[in-house]
Structures are given as C-alpha cells and as structure tokens.
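So the structure is just underneath, and the comments pick up after that.
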Amino acid sequence: KYYMLIGGLGAGGLGVLGADSAVMSPTMGVIFSGSLIVSGLLNIAYFWPIVYTAYFESENRHDAKPLLEFPMGGKTESYGVSVGRLTDGGKPVDEDGGYAVDQYPSDHTTDGHDDHDHGHDHDDHDHHHGGPPAEGWERRTPWTESTWLMMVPIGLIATGAVVLGIVPGQAIFFDLVVYIVEEVTGEVVP
Amino acid sequence: MSPTELLSTVPPAVPILLAALLVAVVPRTAGYVLGALATIYLFVVSWAVPPGEYLSVLFLGFDAQLFVVDDFARLLGLGFGFLGTAAVAYSASSDLPRTTMAFVLSYIASVAGVIFAGDWLTLLFFWELMAVTSTLVVWNYGGDAVRAGYRYAIAHGIGGVLVLWAVTWHYVEVGTFFIGVEAAGIAPGAPALLAALGIGVNCAFIGLHTWLPDTYPRPHIAASVFLSVFTTKTSAYVLYQAFPEGHLYLAYMGGLMAVYGVCFALLQHDMRALLSYHIQAQLGYMVAGIGIGTAIGIAGAMAHLFNNILYKALLFMAVGVIIYRTGEEDLYELGGLWREMPLTAVGFLVGALSITAVPGFSGFISKGMVLDAADPGYYGAPEYQALYWLLMIGAVGTFLSFIKLGYYAFLHGPATTSVKDAKPGHTVGMFSVAAACIVLGIAWTTFVDLLPFSAELFEEGQVDPYSVGHLTDAAILLVVSVVLFPIIRKPLSKIGHVNDMDRVLNPLTFYTGRVSMLAVTETFAAVDRAGVALVRKCYWVGNNPVLAVGRVTSRLPPWLGGTDHRFDGGSRSISDRRSDGGQVAEPTPSRLYLRATIGGTILLIVLALTIVLFVLVFL
C-alpha cells in the first residue's frame with residue numbers, strides 16, 4: 001500500500017517523484033491514493049468488530065453489531081437471534097428439538113453441511129440460538145487449541161505475512177517484484 | 001565496546017517488547033519486575049546515550065533510522081521511563097491482570113519506537129502500532145470499555161490513515177522519508193493539512209477530541225494511568241516534528257483547547273472524565289507553545305509536556321486509588337476522604353498544585369514559559385495577545401476544576417464510608433512522581449538544562465520563573481479562583497450531564513458509514529443482477545437459438561423481413577389447430593421462415609461487415 005500510495009500520487013505528477021513520471025492528472029492521483037486511504041479506514045470499521053467480539057466481549061455480554069442492520073449502539077443479543085438465521089444461512093433449532101433443515105431438506109443442499117449440524121447438536125445439548133453457550137466457551141491452552149494440521153499452516157502464513165511486511169528487502173518475493181517492474185517498465189523501484 | 005555504545009545498539013522498544021511477551025507467561029511478580037526493568041532501561045538509555053543517529057537500516061523496503069537520539073527524544077524518554085516504572089509499581093498493587101500489563105508494555109514499546117524514530121516511515125509504523133496496542137489495553141477490560149475502545153479505534157484509525165496519507169505525500173513531494181531533510185517538518189500544502197488533522201486526532205484538537213473523555217474513564221484504573229500519559233504527549237512531540245516552525249492557527253487551536261477543555265472539565269461528575277478533559281486543556285498549552293514556534297515557546301511546550309507526563313499520571317493515580325477503595329466514580333457521591341486516605345490526599349494535592357501552576361511546583365515553571373512566549377509583554381508577538389488571554393482563562397479554569405475535585409473528594413462533609421488508604425505499590429508510585437514534581441519546581445535550572453534550546457534561553461535570560469512579575473501573576477490567578485469557586489459551586493452542582501460534540505459526531509460517523517456501505521453494496525448488487533441477467537439471456541439464446549432468431553425477426557419491419565410473418569408468427573402455422581385437433585395453447589414456432597428481400601439481405605451483410613471492420617481498425 002505504501003508503494004501504491006506513493007505511485008498513485010507520483011503518477012498524478014505531484015512533487016519531485018511525479019516530475020518525470022506523470023501519467024494522469026493530479027486530481028486522479030489524489031482520488032487514486034484517497035481510495036486506498038478510505039479502504040484502510042474501512043478495514044478497521046469492518047474487521048475490528050470481529051476481533052473484539054471474538055476475544056474481548058464476554059459470552060454473556062455481546063451484541064449484534066450495528067453495521068448494516070440494527071440500531072446505533074448494537075443490540076444485546078447474538079446476531080443469529082436477531083435475524084433468525086445461523087451464520088451459514090441455515091435456520092436455528094425448532095422448539096421441539098428438530099432442525100428446521102430436517103423438515104425441509106431442500107433448505108440445505110449439501111450433505112456435508114447436514115452432518116456438521118448434527119455433530120454440533122450432539123456436542124452441546126441445549127439449543128442456543130447462534131450465540132455462545134450459556135456456560136461459556138471451553139477454555140483451552142494455546143497448545144491444545146486445535147489440531148496441528150490447522151495450526152501449523154495458519155502459523156506459517158501469519159509468520160510469512162509479517163516477514164514480508166517488515167523485511168521485504170530480505171525476502172526473495174519482493175526482489176522478484178522489483179525485477180519484473182524494471183524489466184517491464186524500465187523504472188527502478190526506489 | 002563501552003557501556004554507552006552497547007546501550008546504543010539496542011533501541012528501548014526491543015527490551016520492552018520482550019518484557020511484554022514474558023509478562024504474559026511468567027508468574028505475576030516476576031513479570032512486573034521485568035516490566036519495571038524494561039522501563040528503567042528506557043530511562044537509562046535516554047540518560048546515557050549521547051545525541052546521534054544509530055541503527056540506520058533497511059526497514060519496510062526503505063532506508064530508515066530506527067534510533068535517533070536528540071534533545072527532544074531524550075526528554076520524552078526520561079519522562080516516559082521514569083513514569084513507566086512508577087506506574088508499573090502502581091499497577092502491581094491495583095490487581096491489573098497480567099494480560100493487560102502485557103498489552104500496556106507493548107504499548108510503551110510502540111511509544112518508544114515513535115519518539116526515537118528518525119524518519120516518517122518508522123514513526124508512522126510505530127504510530128499505528130501505538131493505536132492498536134492502546135486499543136487492546138482498553139478492550140482487555142471488557143464491558144463498556146469494549147465499545148468505547150472501538151470508537152477509540154475508529155478515531156485513531158482516521159488519524160492514522162490521515163498521517164499515512166500525509167507522510168506518503170510528503171515523500172512524493174520531497175523524495176525522502178527522513179525527518180528534517182529537504183524540508184523542515186512536513187511538506188507544505190496538502191501534506192501539512194493532512195498531517196495537522198491526523199496528528200490533531202491524537203492531540204485532541206477541538207472537534208477531533210471526543211474519543212478522549214469517552215475512552216479514558218472506562219478501563220482499569222491502572223490502565224487509565226498509562227493511557228493518560230503516552231498517546232497524547234507523544235503526539236504533541238510529533239506535532240512539533242511536523243511543524244517545527246509553528247503556525248498561527250495551531251497556536252490559536254491550542255488556546256481554544258485550553259479554554260474548551262477546562263469548561264467541560266468543570267462540568268464533569270466522573271472524576272476520570274474530569275481529568276480527561278484536563279488532558280485536552282493541558283495539551284492546549286503544548287500546542288500553543290509549538291504553534292508560536294519561538295525557542296521559548298517550543299522549550300515551554302516540551303517542558304509542559306514533560307511535567308504533564310508526571311502530574312497528570314499522579315492525578316490519575318490518586319483518583320484511581322479512590323475508585324479502587326470506594327468503588328465510586330462520581331465526585332458528588334464522595335467527601336471527607338482526607339481523614340480516611342491521607343496518603344492519597346497528599347499525592348492528589350501535589351498533583352493539583354503542579355497542574356494549577358502554583359509556585360514551587362513543576363507546572364509553574366513550564367506553564368509560565370508558555371504564557372511568556374505568548375504574552376506580548378514578554379516575548380510574544382502582538383498577534384498572540386488574544387492567545388495569552390485564552391491561556392489565562394484556561395489557567396483560572398484549571399484552578400477552579402481542581403478546587404472542585406479536591407473539595408468534593410477530600411473535604412466536603414464527613415466521609416460516608418470508612419475505607420483503607422493506598423496500598424504500598426500505590427504509595428510508591430504516587431510519591432516518587434510527586435517528589436519529581438516538587439524537585440523540578442524548585443531545582444528549575446537543572447530542569448531547564450534538560451530542555452531543547454536551553455543554552456539559548458539561558459544566554460538571553462528568558463527563563464526567570466520566580467521574578468516578582470510572575471509571582472504576582474500566580475497570586476492573582478489563585479485569588480481570583482478562590483473567590484470564584486464558592487460563587488459557582490452551587491450552580492455547577494445543579495447542572496447535569498452536558499453533551500459534548502460526540503452527541504453529533506457519533507451519529508454522523510455512524511450514518512455516514514451505514515449510508516455509504518448501503519450505497520456501495522446496493523450498487524454492487526445492481527451490477528451483479530445485470531450481469532447475471534445477461535448471462536441467463538445468453539444461456540437461453542444458446543439453448544433456444546430458433547426461438548431467439550424468431551423473436552428478433554418478428555420485431556423486424558416488414559420491408560426487411562419479408563411479407564408473411566409475425567410471431568406465431570415466425571412459424572407459419574397453417575391453422576391454429578394442432579395435428580391431434582387440439583387447440584394450441586401458446587403458439588411456439590416449430591419451423592422458422594426467414595425470408596428477407598435481396599436488398600435487406602445485402603444491407604444486413606454490409607452492416608455486419610462494417611461493424612467487423614470498425615472493430616478491427618479502431619480497437
């Protein structure tokens with residue numbers, strides 16, 4: 001994003017960088033970089049509620065987030081309760097204990113989903129409506145959080161993202177990008 | 001390798017970050033000791049490492065200087081290191097959870113990164129990290145703090161992206177990220193405006209300040225102590241780096257902040273909200289000094305910044321102990337606590353005397369310098385006459401609100417509850433900071449020596465806090481305030497909650513977000529519908545070519561398509577009866593008769609060829 005921001009402004013002919021690389025009007029350069037700026041802000045607005053719901057709100061005190069729906073300040077119940085649907089688009093449990101999808105199999109198209117739902121049903125026997133269980137989530141140590149087949153790939157990708165972010169000059173990937181840019185455009189990346 | 005050289009190879013952010021990681025896993029006491037050691041390291045490095053540039057590396061793909069020591073960074077590092085250690089001791093007695101302490105230390109590490117950064121890119125990197133880590137400190141308390149923390153994150157996100165834009169634009173304008181190279185501060189024009197707004201969010205400029213009194217009263221009492229110190233003070237220093245030559249508008253923004261902050265502080269019931277508005281007011285003095293831009297103005301601003309680190313934290317500590325012991329946040333529910341909590345009362349008194357700039361305490365020296373820098377009677381330019389009066393009104397307001405806070409908490413009536421006084425960690429934290437406030441006020445020449453431009457100030461004899469004129473001014477302020485307080489006390493206590501700008505700004509942000517998001521998603525949905533409809537049509541045409549051609553030809557004018565065909569139509573049904581004798585429900589063509597005239601055929605072929613030619617030649 002740094003490079004795109006700088007490139008966008010420079011392509012608009014601004015400053016010493018844009019002195020010999022202008023390909024569009026300054027207004028376009030500002031709009032170009034401005035949209036990246038707005039997207040950076042929207043990342044916070046959209047993604048951070050996921051983080052704070054997952055890690056900082058408690059099981060008995062969380063809310064449906066007021067981004068597109070719900071009044072300002074949120075609604076102190078789970079999203080699933082508020083809209084009457086589960087996050088995968090399925091319907092919550094009936095009062096008599098059966099799944100709505102069992103009565104209307106066409107609601108669910110894949111068998112895999114159905115199996116998953118049944119498995120879920122056996123795990124916690126009370127019928128909570130999309131929110132966390134009443135007695136709270138099971139607490140686990142980082143070492144037993146999940147299977148290593150999941151944790152290792154996640155860990156590797158996360159580490160890679162940080163490494164590429166902080167020392168791109170030492171990671172080969174960035175050299176490749178610089179090489180391609182020079183070969184294609186003849187411009188030297190600063 | 002000498003010890004100083006060794007110190008200069010490890011920037012303070014690194015050990016503090018390590019301590020943050022360790023605090024989360026080692027036993028509590030050991031973790032707090034590690035935290036204290038890490039902040040002591042910050043102090044020692046700031047004290048011992050001589051000015052210079054260390055650790056020039058390739059960072060994020062650009063040339064960067066991670067560790068630059070100058071008079072300013074040293075001053076801030078000393079203040080943050082000292083206060084950090086005292087506050088860790090305070091937290092140890094305040095039942096601050098280990099995870100919060102880990103977040104606090106990572107927050108301090110990012111602050112250390114900001115103040116020692118030698119280029120805008122490194123500064124920005126740690127600036128954003130500071131926003132993230134401080135949000136985590138708030139969130140970790142749970143409850144109401146979570147949503148307030150999200151509003152805090154949005155505010156700092158806006159500030160952060162504005163600074164990001166300013167910094168990249170600055171780079172495009174001047175061709176380097178290094179601070180002070182090619183341009184003093186941030187490049188003028190759009191980058192300067194963006195920087196002023198972005199840094200203004202963190203500096204609590206009026207209109208951009210709502211996050212401050214919203215967030216700081218909500219988290220853990222010890223977390224509030226840390227928060228009250230780092231973000232705003234660091235940002236005031238960054239404001240100086242962006243505008244080293246000052247600006248008239250900045251100076252007046254500072255003056256208005258001083259007045260606005262104390263007015264709202266006077267109206268607060270919640271003790272930490274009152275102190276939070278005072279952060280804005282005190283930042284006003286710093287922003288004013290930076291805006292004036294003279295040597296004494298900047299030195300005064302930095303001195304005030306340093307003192308504010310100490311006494312504002314001290315006040316938050318004292319108020320925190322009251323909340324810790326009584327569980328009460330509302331000022332009007334307290335009273336007579338000086339008998340119950342004499343240690344806390346002493347700590348509060350020193351903090352209050354410092355912030356109100358009573359002679360003998362640290363605030364008197366620095367606030368005096370800023371006032372002198374504005375006062376045309378001393379070293380101010382004539383255009384700062386009004387600013388001087390704004391700052392004086394702010395000073396009276398500060399007196400009034402701390403008389404109010406002290407009166408209702410410690411004096412007013414008998415104590416309603418019997419509570420214990422501060423714990424040992426609280427006392428150590430408060431009294432070490434209180435001692436610093438007094439020492440700096442008395443041994444003021446040593447203090448001024450630490451400031452930037454100190455040689456120049458001494459040479460021209462611009463700092464003389466205990467002159468007759470200054471002492472008279474202080475006495476007048478005190479008398480005015482002591483006379484005013486009894487008059488306004490009753491009416492003030494009758495005023496309920498007064499809405500700040502958040503009443504308007506929060507819904508505005510919220511609905512701007514919702515409307516723009518709906519607009520984007522609805523536009524996208526419309527494009528999606530149109531695309532899907534087109535693909536459906538194409539599929540239908542592929543499956544029913546005969547019908548498709550029939551529909552098209554049925555719309556052709558008769559002279560083009562021949563004589564004998566409308567739809568139902570396109571099929572020339574001899575009768576409307578099916579072969580089995582039944583009625584045709586909806587006539588569907590089984591055969592298609594396309595008979596164009598010879599002229600029409602040629603016209604169509606020529607048209608098609610023309611289009612092909614057109615496409616080939618021009619695209």
Phi to ³J(HN,Hα) by Karplus 6.51 cos²θ - 1.76 cosθ + 1.60 over the range B:462-475, Hz, x for Gly, Pro
7, 10, 8, x, 9, 6, 4, x, 5, 5, 4, 4, 4, 5
Report the extension gain between B:Met517 and B:Leu547 in nm, rounded to one decimal, defined as 0.36 nm multiplied by the number of residues separating them, less their alpha carbon distance.
6.6 nm
With the crude spin-label approximation of a point 7 Å out along Cα→Cβ, what separation in nm comes out for B:Leu193 versus B:Ser554?
6.0 nm
Which shape class, rounded, prolate or oblate, goes with chain B when its Cα gyration tensor gives a ≥ b ≥ c as root eigenvalues, a/c under 1.5 marks rounded, and past that a/b bigger than b/c marks prolate?
prolate
For peptide A:48-56, the mean count of other chain Cβ atoms within 10 Å per residue Cβ is 5
Expected sort for A:150-156, B:213-219, B:508-514 on mean C-beta neighbours within 10 Å, highest first, is B:213-219, B:508-514, A:150-156
Karplus-derived HN-Hα couplings along the range A:55-69 (A = 6.51, B = -1.76, C = 1.60, θ = phi - 60°), whole Hz, x at Gly and Pro:
10, 10, 7, 8, 4, 9, 9, 9, 9, 7, 6, x, 8, 9, 10
Just to confirm my numbers, what's the Cα centroid distance between the range B:16-90 and the range A:1-69 in Å?
31 Å
XL table B:Lys312/B:Lys490; A:Lys1/B:Lys233; B:Lys312/B:Lys367; A:Lys1/A:Lys65; B:Lys404/B:Lys494; B:Lys233/B:Lys367; Cα-Cα > 21 Å flagged, in table order, is B:Lys312/B:Lys490; A:Lys1/B:Lys233; A:Lys1/A:Lys65
Quick check on the protein assembly as shown: helices-only [θ] at 222 nm, where DSSP H runs of length 4 and up contribute -39,500 (n - 2.57) each and the sum goes over total residues. Nearest 500, please.
-22000 deg cm²/dmol
Ordering A:62-75, B:524-537, B:422-435 by per-residue average of other C-beta atoms within 10 angstrom, highest first, gives B:422-435, A:62-75, B:524-537
With label points built 7 Å along Cα→Cβ from the Cα atoms of B:Val606 and A:Met150, find their separation and express it in nm.
7.0 nm
May I ask for the Rg/Rh ratio of the protein assembly as shown, computed from Cα atoms with Rh as the Kirkwood radius, given to two decimals?
1.11
Separation of the range B:438-506 and the range B:197-222 by C-alpha centroid, Å?
21 Å
Spelling out what I want: for every residue of the range B:72-85, take phi, set θ = phi - 60°, compute 6.51 cos²θ - 1.76 cosθ + 1.60 (Karplus), and round to whole Hz; glycine and proline get x.
5, 4, 4, 4, 5, x, 4, x, 5, x, 4, 5, x, 5
Cα gyration tensor shape of the range B:378-500, rounded if a/c is under 1.5, else prolate or oblate by comparing a/b with b/c:
oblate
Amide H partners (placed H, <5 Å) of B:Ala422, local residues excluded:
B:Leu343, B:Thr344
Once R0 is set to 25 Å, what does the formula 1/(1 + (r/R0)^6) return for the Cβ-Cβ distance between B:Ile438 and B:Leu248, expressed as a FRET efficiency to the nearest 0.05?
0.10
Answer rounded, prolate or oblate for the range B:371-448, using the Cα gyration tensor with square roots of eigenvalues a ≥ b ≥ c: rounded when a/c is under 1.5, else prolate when a/b is larger than b/c, else oblate.
oblate
Using a 7 Å offset from the Cα along the Cα-to-Cβ direction at both A:Arg61 and B:Thr445, what is the distance between the two label points in nm, to one decimal?
5.6 nm
Could you rank the peptides B:607-614, B:549-556, B:333-340 by their average count of other C-beta atoms within 10 Å per residue, with the highest value first?
B:333-340, B:549-556, B:607-614
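Bear in mind these aren't lab numbers, they're just calculated from the coordinates by the rules spelled out. Keep in mind the model is a prediction, meaning the values are calculated, not measured. Positions of Cβ are backbone-derived with ideal geometry, glycine not excepted, and every protein chain shown enters the neighbour counts.
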